[in-house]
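Notes for the one structure printed next.
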Amino acid sequence: MNKDELRRELAGRRGAIFDRAALDARIVEHILALAAYGEAKSVMAYAAIRSEPSLSSLFAACFAAGKRLALPVIRGGDMVAREYEPGSALERGAFRVLEPRGVLVLPGEIELILCPGLGFGLDGARIGYGKGYYDRFLPQTKGLRVGVCYGACLLGAGEIPQTDWDGPMDYLLTEEGANPRAERKQL
């Protein structure tokens, strides 16, 4: 199956999921339980689009824990991270994604990166919407990469076609919990 066919299949799987709010709550609970979350001073999350798992309840937890929260912002052909502060407004940006207007957060400052995707393979492979924003952003980072999706969108190792510039995730997280795929980093 090529990437476009796989994207359509995964979007269909995700669109068929009911009771997303309950699954989203479980995903956020699992994130909050990660040792890497507890230790991180800076976290990059995302504002969900389409039927991605929503991490919005995580935002308040980050603020309460004194963590710096960054969200992605698309500018031209690149993605940057900007700080999101409690009570500040998010504005619609590229692809109708909600974006903060806070200060720029350098990629090397982010300790935990929660990555959305249409799906992930057990080998850490990620498939997104095909624009390559995360593929270009992630190599600039040093933080732990955690792919976030619903269990229905988790595929076996080797099922997602990869190219040289596709950066693998260190861990995968669904409503069932975290699944380490690499020994080089610790949750």
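State yes or no: is Ala65 surrounded by 19 or more Cβ atoms within 10 Å (Cβ to Cβ), modelled with pLDDT of 95 or more and over 12 Å from Cys149 (Cα atoms)? So Ala65 fails the test. Does Phe63 qualify as being closer than 21 Å to Gly119 by Cβ and without any contact (Cβ under 8 Å) to a residue 24 or more places away in the chain? For Phe63, the condition - closer than 21 Å to Gly119 by Cβ and without any contact (Cβ under 8 Å) to a residue 24 or more places away in the chain - is not met.
Yes/no matrix, rows are residues, columns are (1) more than 22 Å from Tyr129 (Cα to Cα); (2) of a type in the set (A, V, I, L, M, F, W, C):
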position: Gly38; (1), (2): yes, no
position: Arg50; (1), (2): no, no
position: Ala61; (1), (2): yes, yes
position: Ala64; (1), (2): yes, yes
position: Val80; (1), (2): no, yes
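All but one of (1) within 23 Å of Val28 (Cβ to Cβ); (2) surrounded by fewer than 21 Cβ atoms within 10 Å (Cβ to Cβ); (3) of a type outside the set (S, T, N, Q); (4) within 14 Å of the chain's Cα centre (by Cα) hold for Glu176; state the number of the condition that does not hold. Single failed check for Glu176: (4). The single condition among (1) more than 17 Å from the chain's Cα centre (by Cα); (2) modelled with pLDDT of 95 or more; (3) more than 30 Å from Arg8 (Cα to Cα) that Gly102 does not satisfy is (2). Against the numbered list (1) in contact (Cβ under 8 Å) with a residue 60 or more places away in the chain; (2) more than 30 Å from Asp19 (Cβ to Cβ); (3) in contact with a helix residue (DSSP H, G or I) (Cβ under 6 Å, 6 or more places away or on another chain); (4) not aromatic (Phe, Trp, Tyr), Gln140 comes up short only at (1). Annotation: Leu69 fulfils all but one of (1) touching a strand residue (DSSP E or B) at 6+ places or on another chain (Cβ under 8 Å); (2) within 19 Å of Ile127 (Cβ to Cβ); the unmet one is (2). Residue pairs whose Cβ atoms lie under 6 Å apart, separated by 6 or more positions or on different chains, with the first residue in region 9-20 and on the phi < 0 side of the Ramachandran plot and the second assigned to a loop (DSSP other than H, G, I, E, B) and aromatic (Phe, Trp, Tyr), are Ile17/Tyr150.
The values are calculated or read from the model by the stated rules, or taken from the named source; none is laboratory data. Remember, it's a predicted structure, so these values are computed and weren't measured experimentally. Neighbour counts are summed over all protein chains in view; Cβ atoms, including those assigned to glycine, are modelled from backbone coordinates with ideal geometry.
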